[in-house]
Amino acid sequence: MDSTMRCARFAQQNGELELAVVPVPKITQTNQVKIKVYSCGVCHSDVLGKYGFPGISWPRIPGHEAVGRVLEVGSAVTRFKVGDKIGVGWFGGHCATCNPCLDNEWVCCQKGQVCGIHYDGGYAEQMIAPEDACALVPEELDFKHSGPLMCAGITVYNSIRQQDIKVGSLVCIQGIGGLGHLAIQFARKMGYEVVAFSGGADKRDLALKLGANHYIDGSQPDAIEQLTKLSPKLIVTTSPSAKAAESLLPALATCGKFLLLAAITDPMNINPLQLLLKKQSIVGFPSGDSRDSEDTLKFAAINNVQAMVEVFPLEKAAEALGKMLENRIRFRGVLSIVPEDQL
Ligand SMILES: [Zn+2]
Ligand SMILES: [Zn+2]
């Protein structure tokens, strides 16, 4: 077996993503799984591997949408065996003893690890992850479409399913990008009536093709009025603009939920009296853990939910990440580590 492998990594903080040949990783703990990576999604947050994140060290191989097959398992691993098709998403492991873990909120673990940040991720031919970070991937899903489901996909599916909104209710998905194009598909397949809300008339056809029942062009002056008439029980915001998000709040139905999924860093203007009088709530949601990934992947396989992807070879990892960061990919970039014809 090869003793070295190809990867793309950040050699140091603030350095560019560079190609390298490094020794293959070795299992050092009994709970670890060694994965032959077939493909890995490219995510905006991979750039945190460049600029920094609490607990990171360099050199670091990014990639938290890795999908492949098990090459080897540590002696304490019970859930996986050699050859299993598995993936690792943003959730990279939990401590099992902190308060959030004891509350079964693994993704909020105070000592939680992130794949591609706290240990090397999927921009490589092989990687090692703890067992609890790994999710089984259904055989009927192909590699390149599975990775994005473990980040963008799990975020929308897992958050929407936990809001207790009755099937058949109207759900608004704001933004048609990496998160939004999956949220429209998932929400429709979960049994909701879906209105897609985005800027420009040109997105209408795509929104309807993805399964939206209605489309509202947010650039029109009466857009909020149109949305208010539909009275959504759930508004899912996926674009990282505080202003765009807060403008939708007046349209929320009584007892509605306003779900924030994008990483908005600016303060938002909200009307607490509206929340009080209409029994509404604002909810944030961080994605999910490996168990939620398995549910997401299974749901996607059964219901034919598919990410729109643009595929790059590993050698073009820097170009792929650059295009993602400039929003020039519709909608998720994926690195093919093993070419499809060699699977
Ligand atoms: Zn991500
Ligand atoms: Zn914990």
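The values are calculated or read from the model by the stated rules, or taken from the named source; none is laboratory data. Keep in mind that what you see is a predicted model, and the values were worked out from it rather than measured. All Cβ positions, even for glycine, are placed from backbone atoms using ideal geometry, and neighbour counts span all protein chains on display. What goes into the accessible areas is simple: the full protein's heavy atoms, side chains included, and nothing from ligands, DNA or RNA. Shrake-Rupley method; radii C 1.70, N 1.55, O 1.52, S 1.80 Å.
Odds and ends about this structure:
- Approximate spin-label separation Leu208-Ser75, in nm, with each point projected 7 Å along Cα-to-Cβ: 6.3
- Hydrodynamic radius (Kirkwood) for region 70-154, which is based on Cα pairs only, to one decimal in Å: 13.7
- R0 of 41 Å, Cβ-Cβ distance Leu19-Leu102: FRET efficiency to nearest 0.05: 0.45
- On Cα atoms only, tilt of 152-161 relative to the major axis of the chain in degrees: 50
- The mean accessible area for residues of the chain, using a 1.4 Å probe and ignoring ligands and nucleic acids, is 44 Å² per residue.
- Taking the Cα centre of region 159-244 as reference, the dipole from Cβ charges on Lys and Arg (+1) and Asp and Glu (-1) amounts to some 280 debye.
- Nearest 10 degrees, 0 to 90: helix 180-189 Cα axis against the chain principal axis: 70
- Apportionment of accessible area to carbon and sulfur, the chain, percent (1.4 Å): 51
- For a modelled paramagnetic label at Arg6, 7 Å from Cα along Cα-to-Cβ, the residues of region 31-45 in reach, with backbone nitrogen under 15 Å, are 37-40.
- Pairwise Cα separations in region 154-284 fall into 10 Å bins from 0 onward with the following percentages, short to long: 14, 50, 33, 3.
- Using the average count of surrounding beta-carbon atoms within 10 Å as a protection proxy, the listed peptides 306-315, 267-276, 171-180 rank, highest first, as 171-180, 306-315, 267-276.
- In the chain, the longest principal axis of the Cα atoms and the axis of helix 290-303 are about 70 degrees apart.
- Note on the chain: semi-axes of the ellipsoid equivalent to its C-alpha gyration tensor, largest first and rounded to whole Å, are 36, 21, 19.
- Solvent-accessible surface ranking, highest first, for Ile302, Ile165 at 1.4 angstrom: Ile302, Ile165
- Mean Cβ count within 10 Å, highest first, over the residues of peptides 57-64, 197-204: 57-64, 197-204
- Cross-linked pairs Lys34/Lys316; Lys26/Lys323; Lys298/Lys323: Cα-Cα separations exceed 27 Å for Lys26/Lys323; Lys298/Lys323.
- For region 168-235, alpha-carbon Rg relative to the globular expectation (2.2 N^0.38 Å, N residues): 0.97
- Area accessible to solvent at Leu325, 1.4 Å probe radius, in Å²: 80
- Non-local lysine pairs in region 154-284, meaning eight or more places apart or on different chains, with alpha-carbon distances under 16 Å, amount to 10.
- Protection proxy ranking of 233-245, 30-42, 327-339, by the mean of other Cβ atoms within 10 Å over each peptide's residues and highest first, is 30-42, 233-245, 327-339.
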